[in-house]
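**Student:** Please see the structure below; I have some questions.
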Amino acid sequence: MTSPASSPAASPAASPALELSDIHFEYRKNSPILRGVTASFPPGQITALLGNNGSGKTTLLKLLVGIHPVASGTLRLGSEIKTGEALESYKRSMGFMPESLQLYPEMKARDALSFFAKLKGVNDTDLDPILERVGLGAYKNQRIRTFSKGMKQRLNLAQAILGRPQVVVFDEPSNGFDASGVTIFYQTIRELADEGVIVILTTHLLGEIQGQVDRVALLSDGVIQREGSLESILRQVSSSRKRVWIQFDGTFDLSSLDWPPCPERHLHPLDSDSLTGSLDAREIGELISTAKASGLQLTNLRIEGSELADLLTEES
Amino acid sequence: MHWVAISTIAKKEAQSHLQNLWLPIAALLFFLLSLGLAKIGFSFVGSDGEIDTRATVLSLIHLQMYLVPLLAFILSYGGVLAERELGTFDLLLAYPLSYRDILLGKWLGYSGIFALALLLGMGSASFFLHQVGLSWLAIGQLTGLSLLLGIVFNSLGLLLSTLSRDRTTVIASCIVLWIAFVFLLDLGTIALLVLTEGDIPDRMIQSMMLFNPVGMFRIAAITTLLPGDAEQIFGLGKDLLSRNLSVLSLVLWTAAPLSLSLIKPFHLRGHQS
């Protein structure tokens, strides 16, 4: 058998998608958390899993990474993953970075990584390149307790990408990264996606994900309500108007919008690359689509008094 | 069972305790207190002018009864708790190993490091203990039985660590168990004997003693090291003081909590809807 360390991640075309079908889960009898989740996570794409607090996001992630058993429904990566050898093999091909993770403070960075590598069956020779990749090459022999929060988060990232995984799952990864760490993080997961890896993350930093992720899956009431690009999902939702601040990575021309005058929108530019207004979800989606058509990416989106998940689950 | 994963976790646990203060403090306590008892042992001289080793042996057994459970609890109570606090427990479960592998690896690591502390401490004091008349075999037997008692409390500490997410609750539970096993259960047995004026069946006393691993250690140690004095020390009949039964009981006291801790906790199981 080829070791995960030596086998490169397969190309997007050759790799299977991670597929969930009718997954149910509950911690206590008659208190379902997941009520029939069906979703597909394609290779070579970064998917953001959005959902309100208590929507079952973390539970779903724990099922995806094999912490919880799939008691009802199916999880497939090519073949079905249930128990035994199939589950072990899946876990070997998977990377996970939980939220608020702190690797053993008394260990040196490389030793900690070596510990996890042994558990996964990854060669020790692969560790230095990974540490270099996340910008910790010079600190590999330093104890983790001396690291800044950002450095610890980079080490967590290194742990997650050990052994060239086929699937990588991140729970709220942006928490704790410094500015350059966020750049390294998104650059690394984009490289992984380009290599055909399935990348799944949860986040509440909406503007940040829009420029970085390919797809969004919205989890609400224990089921995936919507899947697709953020703007396509936004355009399907009818919500109330919210005060929003939007920023793009270049100059945005408001006049390019083919919208009838609507005083309620109070839409006006704040700067050459940012604007504010009172918009509903559909209008935000259209705005993002228009910007995309002009070659612009959204870099920041703030909604007054709510999260994007709230807006997406609101049906007024 | 994934033995590579189990040994990797055991090694990591042992190494992390090699780097912190638990090992030197535990070894130093074993050494200094045993040394102190050895020094006192020189003062126990019989009418024939020879050193009477019985008092030294009894003191050493009581020292181990107090010290070993406490040190073992300190070593193991954070086993699962600390991993949960760091967020690494979920991470380990996402690796190709099972909940049982993690717990077994930790238990082996703690038992290994406990053995090392005992060997260092008692080994350093053994020369002085030998000088007051303890045979090398007796020192070895006491060290072995102390290790068994330490392993029992490693299992108990690990079990308590799996039962709560709250550090205060785990620490409080360890203290309560330590007080109960070291003092209260013995006092309870004595109180019952006094109240009933000794009118209770022998088998009932034996059953009560089986509920206390520290009491079992004492019986095992005294029947091993001072076999001729055991009946007089305990005030009990010979048939109640079985060395084999007490050692077997200690083995069961190791296996039972360890087995219970290996049962996957409720919050990791989930149900089929």
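**Student:** Percent antiparallel among DSSP beta bridges with both residues in the protein assembly as shown, to the nearest 5?
**Tutor:** Counting only bridges with both partners in the protein assembly as shown, antiparallel ones make up about 65 percent.
**Student:** Continuing with the same structure: Please report the carbon-and-sulfur percent of the accessible area for chain A; probe 1.4 Å, protein heavy atoms only, DNA, RNA and ligands left out.
**Tutor:** Whole-percent figure for carbon plus sulfur exposure: 46.
**Student:** So how do B:Ile205, B:Ile233 rank on accessible area, 1.4 Å probe, biggest first, that is with the largest at the start?
**Tutor:** From most accessible down to least: B:Ile233, B:Ile205.
**Student:** Please give the average number of partner chain Cβ atoms lying within 10 Å of the Cβ of each residue in B:91-104, rounded to a whole number.
**Tutor:** 5
**Student:** Which order do A:His268, B:His2 take when ranked by solvent-accessible area (1.4 Å probe, heavy atoms of all protein chains), largest first?
**Tutor:** Ranked from most to least accessible, the order is A:His268, B:His2.
**Student:** Shifting gears a bit: So what is the relative contact order for the range B:3-263, in percent, with contacts set as C-alpha pairs under 8 Å and at least six apart?
**Tutor:** Here the relative contact order equals 26 percent.
**Student:** At a Cα cut-off below 23 Å, give the lysines reachable from B:Lys264, other chains included and same-chain residues fewer than 8 away excluded.
**Tutor:** A:Lys29, A:Lys57, A:Lys62, A:Lys82, A:Lys91, A:Lys120, B:Lys11, B:Lys12, B:Lys106
**Student:** Mean residue ellipticity at 222 nm from the helices of chain B, using -39,500 (n - 2.57) per DSSP H segment of n ≥ 4 over the full residue count, to the nearest 500 deg cm²/dmol?
**Tutor:** Calculated mean residue ellipticity at 222 nm is -25000 deg cm²/dmol.
**Student:** Rounded to the nearest 10 Å², what accessible area does A:Ser55 have for a 1.4 Å probe in the complete protein model?
**Tutor:** Roughly 10 Å² of A:Ser55 is accessible to a 1.4 Å probe.
**Student:** Accessible area of the range B:201-252 with a 1.4 Å probe: how many percent of it is carbon plus sulfur?
**Tutor:** 60
**Student:** Write out the trypsin sites (Lys or Arg not before Pro) in the range A:74-127 meeting two conditions: DSSP loop, and at most 14 other Cβ atoms within 10 Å of their Cβ.
**Tutor:** A:Lys82
**Student:** Of B:Gly228, B:Gly109, B:Gly121, which has the largest mean-square fluctuation in a 10 Å C-alpha GNM of chain B?
**Tutor:** Comparing B:Gly228, B:Gly109, B:Gly121 in the GNM, the peak value goes to B:Gly228.
**Student:** Still on this structure, I have one more. Calculate the mean, over all residues of peptide A:92-99, of how many other protein chain Cβ atoms lie within 10 angstrom of the residue's Cβ.
**Tutor:** Mean shielding by partner chains, rounded to a whole number: 3.
**Student:** Report ³J(HN,Hα) in whole Hz for each residue of the range A:211-222, in order, from the Karplus equation J = 6.51 cos²θ - 1.76 cosθ + 1.60 where θ = phi - 60°; Gly and Pro get x.
**Tutor:** These are the phi-based 3J(HN,Hα) values: x, 10, 9, 8, 9, 10, 10, 9, 9, 8, 6, x Hz.
**Student:** Which order do the peptides A:284-293, A:161-170 come out in when sorted by mean C-beta neighbours inside 10 angstrom, highest first?
**Tutor:** So the order, starting with the most tightly packed, is A:161-170, A:284-293.
**Student:** I'd like to compare A:223-231, B:144-152, A:26-34: which one has the highest average count of other Cβ atoms within 10 Å, and what's the full order after that?
**Tutor:** B:144-152, A:223-231, A:26-34
**Student:** Hey, another quick one. In the full protein assembly as shown, how much of A:Tyr139 is accessible to a 1.4 Å probe, in Å² to the nearest 10?
**Tutor:** 90
**Student:** Another question about this same structure. Please list the non-local residues whose amide H lies under 5 Å from the amide H of A:Ile224, H modeled 1.01 Å from N, same-chain partners needing a gap of 5 or more.
**Tutor:** Excluding prolines and chain starts, which carry no amide H, the hits are A:Thr38.
**Student:** From largest accessible area down, sort A:Asp178, A:Asp273; use a 1.4 Å probe on the protein chains.
**Tutor:** A:Asp178, A:Asp273
**Student:** What size of dipole, in debye to the nearest 20, comes out for chain A about its Cα centre when the only charges are +1 on Lys and Arg C-beta atoms and -1 on Asp and Glu C-beta atoms?
**Tutor:** Dipole of chain A, to the nearest 20 debye: 1080 debye.
**Student:** Do any GluC sites (Glu not before Pro) in the range A:58-145 lie in a loop, going by DSSP, with at most 14 other beta-carbon atoms within 10 Å of their beta carbon, and if so which?
**Tutor:** Passing sites in the range A:58-145 are A:Glu106.
**Student:** At 1.4 Å probe size, with no ligands or nucleic acids counted, give the accessible surface of B:Val247 in Å², nearest ten.
**Tutor:** Accessible area, nearest 10 Å²: 50 Å².
**Student:** Can you list the DSSP H helices in chain A whose Cα atoms extend at least 20 Å along the helix axis and whose mean Kyte-Doolittle hydropathy is 0.0 or higher?
**Tutor:** A:179-194
**Student:** Rounded, prolate or oblate for the range B:3-263? Axes are the square roots of the Cα gyration tensor eigenvalues, ordered a ≥ b ≥ c, and the cut-off for rounded is a/c under 1.5.
**Tutor:** It is oblate, given that a/c is not under 1.5 and a/b is not larger than b/c.
**Student:** Next question. How much accessible area per residue does the protein assembly as shown have, counting only protein heavy atoms and a probe of 1.4 Å, in square angstrom?
**Tutor:** I get 42 Å² per residue for this part.
**Student:** Taking only Cα atoms and a 10 Å spring cutoff, compute GNM fluctuations for chain B and point out the largest among B:Leu184, B:Leu158, B:Leu116.
**Tutor:** Sorting by GNM fluctuation, first place goes to B:Leu184.
**Student:** Given DSSP loops and a limit of at most 14 other Cβ atoms within 10 Å, what is the longest stretch of chain B that contains no such GluC sites (Glu not before Pro)?
**Tutor:** Longest stretch, sites excluded: B:51-196.
**Student:** Accessible area lost on pairing B with A, both sides, 1.4 Å probe, Å² to nearest 100?
**Tutor:** For B against A, buried area totals roughly 2900 Å².
**Student:** Please report the relative contact order for chain A, taking Cα pairs under 8 Å with a sequence separation of at least 6, and give it as a percent rounded to a whole number.
**Tutor:** Computed over chain A, the figure is 21 percent.
**Student:** If you don't mind, there's one more thing I want to ask. Going toward the positive end of the dipole of the range B:3-263, with +1 on Lys and Arg Cβ and -1 on Asp and Glu Cβ, which of B:Trp3, B:Thr143, B:Met204 do you reach last?
**Tutor:** The listed residue farthest towards the positive side: B:Trp3.
**Student:** Test of understanding: express the Cα radius of gyration of the protein assembly as shown as a ratio to 2.2 N^0.38 Å, with N the residue count.
**Tutor:** 1.25
**Student:** Calculate the mean, over all residues of peptide A:19-32, of how many other protein chain Cβ atoms lie within 10 angstrom of the residue's Cβ.
**Tutor:** Counting Cβ atoms of other protein chains within 10 Å of each residue's Cβ and averaging gives 2.
**Student:** In addition: Taking the Cα centre of the protein assembly as shown as the origin, how large is its charge dipole in debye, to the nearest 20, when only Lys and Arg (+1) and Asp and Glu (-1) carry charge on their Cβ atoms?
**Tutor:** So the dipole magnitude of the protein assembly as shown works out to roughly 860 debye.
The values are calculated or read from the model by the stated rules, or taken from the named source; none is laboratory data. What you are looking at is a predicted structure, and each value in this text was computed from that prediction instead of being measured. No Cβ is skipped: glycine too gets one built from the backbone with ideal geometry, and neighbour counts run over all protein chains shown. To get the accessible areas, we keep the full protein, side chains included, count just its heavy atoms, and leave off ligands, DNA and RNA. Shrake-Rupley method; radii C 1.70, N 1.55, O 1.52, S 1.80 Å.
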